[in-house]
1. So the check is Cβ under 6 Å with 6+ separation or different chains; which pairs have a first residue in the range 18-34 that's under 9 Å from residue 79 (Cα atoms) and a second one that's open to solvent by 40 Å² or more (accessible area, probe 1.4 Å) and assigned to a helix (DSSP H, G or I)?
2. For residue 84, state whether it is open to solvent by less than 60 Å² (accessible area, probe 1.4 Å), under 20 Å from residue 66 (Cα atoms) and modelled with pLDDT of 95 or more.
3. Conditions: (1) under 16 Å from residue 29 (Cα atoms); (2) open to solvent by 30 Å² or more (accessible area, probe 1.4 Å); (3) in a loop (DSSP other than H, G, I, E, B). Residue 128 meets all but one. Number of the miss?
4. Counting only residues that are farther than 19 Å from residue 132 by Cβ, give me the strands (runs of 3 or more DSSP E) lying completely in the range 24-106 with at least 1 of them.
5. Out of the residues in the range 147-164 meeting the condition of being within 22 Å of residue 42 (Cα to Cα) and touching a strand residue (DSSP E or B) at 6+ places or on another chain (Cβ under 7 Å), tell me which one is surrounded by the fewest Cβ atoms within 10 Å (Cβ to Cβ).
6. Looking at 168, 172 in this structure, which one is in a loop (DSSP other than H, G, I, E, B), farther than 16 Å from residue 44 by Cα, touching a residue at least 12 places away in the same chain (Cβ under 8 Å) and touching a strand residue (DSSP E or B) at 6+ places or on another chain (Cβ under 9 Å)?
7. Which condition number does residue 116 fail, the rest of (1) modelled with pLDDT under 95; (2) closer than 14 Å to residue 54 by Cβ; (3) surrounded by 18 or more Cβ atoms within 10 Å (Cβ to Cβ) being met?
8. Could you give every pair whose Cβ atoms fall below 7 Å, whose first residue belongs to the range 105-123 and is on the phi < 0 side of the Ramachandran plot, and whose second residue is assigned to a loop (DSSP other than H, G, I, E, B) and among the aliphatic types (A, V, I, L, M), counting only separations of at least 6 or pairs across chains?
Amino acid sequence: MGEAARTLPLSFAAYLEMEAQSPVRHELLEGIPYAMAGASKAHNLLVQNLAFLLRPAARARGCRLYVETIKLRLAEHTVYYPDLMVVCGAGTPHPLYEENPCLVAEVVSPSTERLDRGEKRHNYLRLAALEAYLLVSTREPRVEVYRREGEGFRLEVHAAGRVPLPCLEALLDLEALYEGVEPERA
(Lines give C-alpha, C1' and ligand atoms only; values in the text may rest on other atoms or scores of the structure.)
Protein backbone atom coordinates (compact mmCIF):
# COMPACT_ATOMS: atom_id res chain seq x y z
CA MET A 1 0.00 0.00 0.00
CA GLY A 2 1.36 3.41 -0.94
CA GLU A 3 1.96 6.32 1.40
CA ALA A 4 -0.94 8.74 1.83
CA ALA A 5 -0.67 11.97 -0.13
CA ARG A 6 0.51 14.95 1.92
CA THR A 7 -0.37 18.58 1.56
CA LEU A 8 2.68 20.75 0.91
CA PRO A 9 4.16 22.70 2.49
CA LEU A 10 4.37 20.36 5.47
CA SER A 11 3.89 21.72 8.96
CA PHE A 12 6.65 20.89 11.43
CA ALA A 13 4.35 18.38 13.20
CA ALA A 14 3.52 16.65 9.88
CA TYR A 15 7.24 16.53 9.02
CA LEU A 16 8.09 14.87 12.36
CA GLU A 17 5.31 12.33 11.81
CA MET A 18 6.55 11.60 8.28
CA GLU A 19 10.17 11.17 9.49
CA ALA A 20 9.09 8.79 12.26
CA GLN A 21 7.54 6.48 9.65
CA SER A 22 10.08 6.84 6.84
CA PRO A 23 13.05 4.51 6.25
CA VAL A 24 14.76 7.44 4.48
CA ARG A 25 15.78 10.67 6.24
CA HIS A 26 14.53 13.96 4.81
CA GLU A 27 15.59 17.54 5.31
CA LEU A 28 12.82 20.12 5.17
CA LEU A 29 13.18 23.38 3.26
CA GLU A 30 10.29 25.80 3.49
CA GLY A 31 7.91 22.90 4.07
CA ILE A 32 9.17 20.72 1.20
CA PRO A 33 10.87 17.43 2.22
CA TYR A 34 14.04 16.38 0.38
CA ALA A 35 15.42 12.85 0.72
CA MET A 36 19.03 12.64 1.84
CA ALA A 37 21.61 10.67 -0.13
CA GLY A 38 24.13 8.28 1.37
CA ALA A 39 27.66 9.37 2.25
CA SER A 40 31.09 8.42 0.95
CA LYS A 41 33.78 6.73 3.02
CA ALA A 42 35.75 10.00 3.20
CA HIS A 43 32.66 11.85 4.44
CA ASN A 44 31.93 9.23 7.07
CA LEU A 45 35.53 9.10 8.34
CA LEU A 46 35.74 12.90 8.56
CA VAL A 47 32.53 13.10 10.60
CA GLN A 48 33.83 10.38 12.93
CA ASN A 49 37.25 12.01 13.31
CA LEU A 50 35.68 15.42 13.94
CA ALA A 51 33.37 14.05 16.63
CA PHE A 52 36.21 12.09 18.25
CA LEU A 53 38.48 15.16 18.33
CA LEU A 54 35.82 17.59 19.63
CA ARG A 55 34.12 15.34 22.19
CA PRO A 56 36.61 15.96 25.05
CA ALA A 57 36.25 19.74 24.70
CA ALA A 58 32.46 19.47 24.51
CA ARG A 59 32.34 17.34 27.67
CA ALA A 60 34.73 19.66 29.51
CA ARG A 61 32.43 22.62 28.81
CA GLY A 62 29.20 20.75 29.59
CA CYS A 63 28.09 20.80 25.95
CA ARG A 64 26.42 18.13 23.86
CA LEU A 65 27.83 17.01 20.52
CA TYR A 66 25.48 15.48 17.93
CA VAL A 67 26.34 13.82 14.63
CA GLU A 68 24.23 13.30 11.51
CA THR A 69 20.98 11.91 12.94
CA ILE A 70 19.72 14.72 15.20
CA LYS A 71 17.65 17.36 13.50
CA LEU A 72 18.37 21.08 13.68
CA ARG A 73 15.17 23.09 13.50
CA LEU A 74 15.92 26.48 11.99
CA ALA A 75 12.33 27.65 11.48
CA GLU A 76 8.79 26.27 11.43
CA HIS A 77 9.29 24.87 7.93
CA THR A 78 13.08 24.35 7.73
CA VAL A 79 14.96 21.43 9.30
CA TYR A 80 18.41 20.01 8.52
CA TYR A 81 20.50 17.09 9.73
CA PRO A 82 23.93 18.73 10.19
CA ASP A 83 26.94 16.43 10.00
CA LEU A 84 27.93 17.70 13.45
CA MET A 85 26.55 20.28 15.87
CA VAL A 86 27.46 21.39 19.37
CA VAL A 87 24.87 22.70 21.80
CA CYS A 88 25.90 24.30 25.09
CA GLY A 89 23.60 25.41 27.88
CA ALA A 90 19.96 24.43 28.02
CA GLY A 91 18.87 22.49 24.98
CA THR A 92 15.50 22.00 23.38
CA PRO A 93 13.33 19.73 25.54
CA HIS A 94 12.18 17.75 22.49
CA PRO A 95 14.06 14.42 22.07
CA LEU A 96 14.35 14.61 18.26
CA TYR A 97 15.80 18.04 17.53
CA GLU A 98 17.83 21.01 18.72
CA GLU A 99 17.46 24.69 17.87
CA ASN A 100 20.43 26.65 19.26
CA PRO A 101 23.82 25.19 18.37
CA CYS A 102 26.93 27.27 18.93
CA LEU A 103 28.88 25.29 16.32
CA VAL A 104 27.73 23.50 13.16
CA ALA A 105 29.93 21.53 10.76
CA GLU A 106 29.15 20.16 7.33
CA VAL A 107 31.52 17.82 5.50
CA VAL A 108 31.57 19.11 1.93
CA SER A 109 31.60 16.55 -0.85
CA PRO A 110 31.15 17.14 -4.58
CA SER A 111 27.45 16.23 -4.34
CA THR A 112 26.69 18.50 -1.35
CA GLU A 113 28.99 21.45 -1.98
CA ARG A 114 26.44 23.78 -3.59
CA LEU A 115 23.90 23.17 -0.82
CA ASP A 116 26.44 23.43 2.05
CA ARG A 117 28.03 26.65 0.73
CA GLY A 118 24.76 28.23 -0.37
CA GLU A 119 21.39 27.56 1.23
CA LYS A 120 22.66 25.88 4.40
CA ARG A 121 25.34 28.51 5.03
CA HIS A 122 22.78 31.28 4.57
CA ASN A 123 20.33 29.63 6.98
CA TYR A 124 22.89 28.57 9.60
CA LEU A 125 24.48 32.04 9.79
CA ARG A 126 21.08 33.45 10.78
CA LEU A 127 21.07 31.43 14.03
CA ALA A 128 21.51 33.78 16.99
CA ALA A 129 23.48 31.26 19.10
CA LEU A 130 25.85 30.21 16.31
CA GLU A 131 29.50 31.14 16.89
CA ALA A 132 31.04 29.13 14.04
CA TYR A 133 30.08 27.23 10.89
CA LEU A 134 32.70 24.80 9.58
CA LEU A 135 32.97 23.47 6.04
CA VAL A 136 35.25 20.43 6.01
CA SER A 137 36.54 19.39 2.56
CA THR A 138 36.60 15.75 1.42
CA ARG A 139 38.93 16.62 -1.49
CA GLU A 140 41.91 17.98 0.45
CA PRO A 141 42.90 18.95 3.99
CA ARG A 142 40.96 22.19 4.21
CA VAL A 143 38.55 23.62 6.76
CA GLU A 144 36.69 26.88 6.21
CA VAL A 145 35.41 28.56 9.34
CA TYR A 146 32.73 31.22 9.33
CA ARG A 147 33.45 32.81 12.72
CA ARG A 148 31.02 35.25 14.35
CA GLU A 149 32.46 38.72 14.60
CA GLY A 150 30.06 41.30 16.02
CA GLU A 151 26.87 41.22 13.97
CA GLY A 152 28.41 39.28 11.07
CA PHE A 153 30.77 36.46 10.23
CA ARG A 154 34.38 36.41 9.04
CA LEU A 155 35.69 33.61 6.79
CA GLU A 156 38.95 31.88 7.71
CA VAL A 157 40.52 29.15 5.57
CA HIS A 158 42.85 26.59 7.17
CA ALA A 159 44.90 24.01 5.24
CA ALA A 160 47.34 22.99 7.99
CA GLY A 161 47.99 23.37 11.68
CA ARG A 162 45.34 23.88 14.33
CA VAL A 163 42.02 25.62 13.90
CA PRO A 164 40.76 27.64 16.89
CA LEU A 165 37.10 26.88 17.56
CA PRO A 166 34.88 29.30 19.44
CA CYS A 167 32.11 27.87 21.58
CA LEU A 168 34.36 24.98 22.65
CA GLU A 169 37.47 27.13 23.19
CA ALA A 170 39.45 24.31 21.59
CA LEU A 171 41.94 23.74 18.81
CA LEU A 172 41.15 21.34 15.97
CA ASP A 173 44.28 19.57 14.67
CA LEU A 174 43.91 19.21 10.89
CA GLU A 175 46.45 16.39 10.64
CA ALA A 176 44.42 14.36 13.15
CA LEU A 177 41.14 15.29 11.42
CA TYR A 178 42.36 13.91 8.09
CA GLU A 179 44.09 10.85 9.53
CA GLY A 180 43.15 7.76 7.49
CA VAL A 181 41.04 9.73 4.98
CA GLU A 182 41.62 9.26 1.24
CA PRO A 183 40.69 12.44 -0.68
CA GLU A 184 37.57 12.26 -2.90
CA ARG A 185 37.77 13.07 -6.58
CA ALA A 186 35.36 15.57 -8.10
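1. That search, which allows pairs on different chains as well, returns nothing.
2. Answer is yes for this residue.
3. Every listed condition holds for residue 128 apart from (1).
4. The strands (runs of 3 or more DSSP E) meeting that bar are 26-29, 32-35, 71-75, 78-80.
5. 157
6. 168
7. For residue 116, the exception is condition (2).
8. Within 7 Å, the pairs are 110/186; 111/37.
The values are calculated or read from the model by the stated rules, or taken from the named source; none is laboratory data. All of these numbers come straight from a predicted model, not from anything done at the bench. Because the Cβ atoms are built from the backbone with ideal geometry, glycine has one as well, and the counts that use them run over all protein chains shown. Note: accessible area is taken over every heavy atom of the protein model, side chains too, but ligands, DNA and RNA are not part of it. Shrake-Rupley method; radii C 1.70, N 1.55, O 1.52, S 1.80 Å.
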